[in-house]
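Since every read-out is calculated from the coordinates, none of them should be taken as a lab result. Computed from a prediction, not measured in an experiment: that's the story for all the values here. Positions of Cβ are generated from backbone atoms using ideal geometry, with glycine treated the same way; all protein chains shown enter the neighbour counts.
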Amino acid sequence: MGDTHGAFRSSAGSTDQVNGQRTGGEPISPLPSRAGHRPVEVSPTGPGPVRSRRRRPMIVGIGGTTRADSITHRALATVLATMAQAGAETVLFGSAELDLPMYAPERPERCAAALRLLAAVEQSDAVVIATPGYHGGMSGLVKNALDYLEDLRGAPRPYLDGRAVGLIVCAQGAQAAGTTLSALRSSVHALRGWPTPLGVTFNTEGPLFDAHGRLIDPVAAAGLETLADQIMGFTYAWSQVI
Ligand SMILES: Cc1cc2nc3c(=O)[nH]c(=O)nc-3n(C[C@H](O)[C@H](O)[C@H](O)COP(=O)(O)O)c2cc1C
């Protein structure tokens, strides 16, 4: 993923946007530039084959639990698979990959697993975070992973800046699901991410997946489909204007 974020924007209107003008001649303010951002390449002969100049968005999934049949992990894998089918490149950091030392800001050394997580998030166009509700909040595993994102404070796109962030919470009751989702949204805001309008909550009391790991609850399936649509939609829309 050596490409920059702007590489999969369409060229439609971009000449005028770079010059601070709309196609209709209406003057507009120049859009803010972003550090480390390549200038937009504009075809002199018109819009051209827009699709062929788009790269695949890279979407990182973070979450799950240590349980072998973790519903949180399955939900995360399901929504990433949906987005992969829609053309995204996806990578999932589950409990094994997130088995990291407690984040220590004062210690500069980082293990290889932490560096892999940080590199993937830095290169990502969007993120999905899936956590169980543990005592009314996100799990320590997931929170520790988010704490590591502090190391991205000096990145060209700090933390989760400019990324749609889909959120999934699995709990055994509506109350913990709601409080956990709310807390997770606050953390994503603090990390400069854009939580999608829909946050998906699963009540794990009932059967959601079959023995083969297929999602069998139609309401849950519809929620993950909508989440995937919102993440992909935001990612493409954002790439057109920033
Ligand atoms: C330490 C711990 C704390 C939990 N706290 C709550 C809670 O406060 N409210 C709730 O509804 N469920 C709670 N649960 C249940 C989990 O949210 C639920 O089992 C969830 O589905 C676990 O996800 P998993 O299937 O991915 O492991 C807790 C489970 C554990 C292990």
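Between G61 and V91, L92, F93, V128, the built amide H atoms are under 5 Å apart, and every one of these is 5 or more places off in sequence or on another chain. You can think of it this way: the chain between R67 and Q172 has 36.3 nm of extra reach, that is 0.36 nm per residue less the Cα-Cα gap.
Could you pull out which residues in segment 167-189 have an amide N less than 14 Å from a spot 7 Å beyond the Cα of L198, following the Cα-Cβ vector? Only 167-169 pass the distance filter. Once the chain from A84 to V219 is taken as fully extended at 0.36 nm per residue, the excess over their C-alpha distance is 46.5 nm. Given a Förster radius of 22 Å and the C-beta distance between A104 and A155 as r, what FRET efficiency does 1/(1 + (r/R0)^6) yield to the nearest 0.05? It comes out at approximately 0.70.
Using 18 Å as the cut-off for backbone N distance, which residues of segment 138-156 belong to the label zone defined by a point 7 Å from the Cα of S182 along Cα→Cβ? Under cut-off, by backbone N: 138-139. Quick check: the distance between the Cα centres of segment 103-156 and segment 196-242, to the nearest angstrom? Result: 21 Å between the Cα centres.
Remark: the D210-C111 segment gains 32.0 nm on full extension, using 0.36 nm per residue and subtracting the alpha carbon distance.
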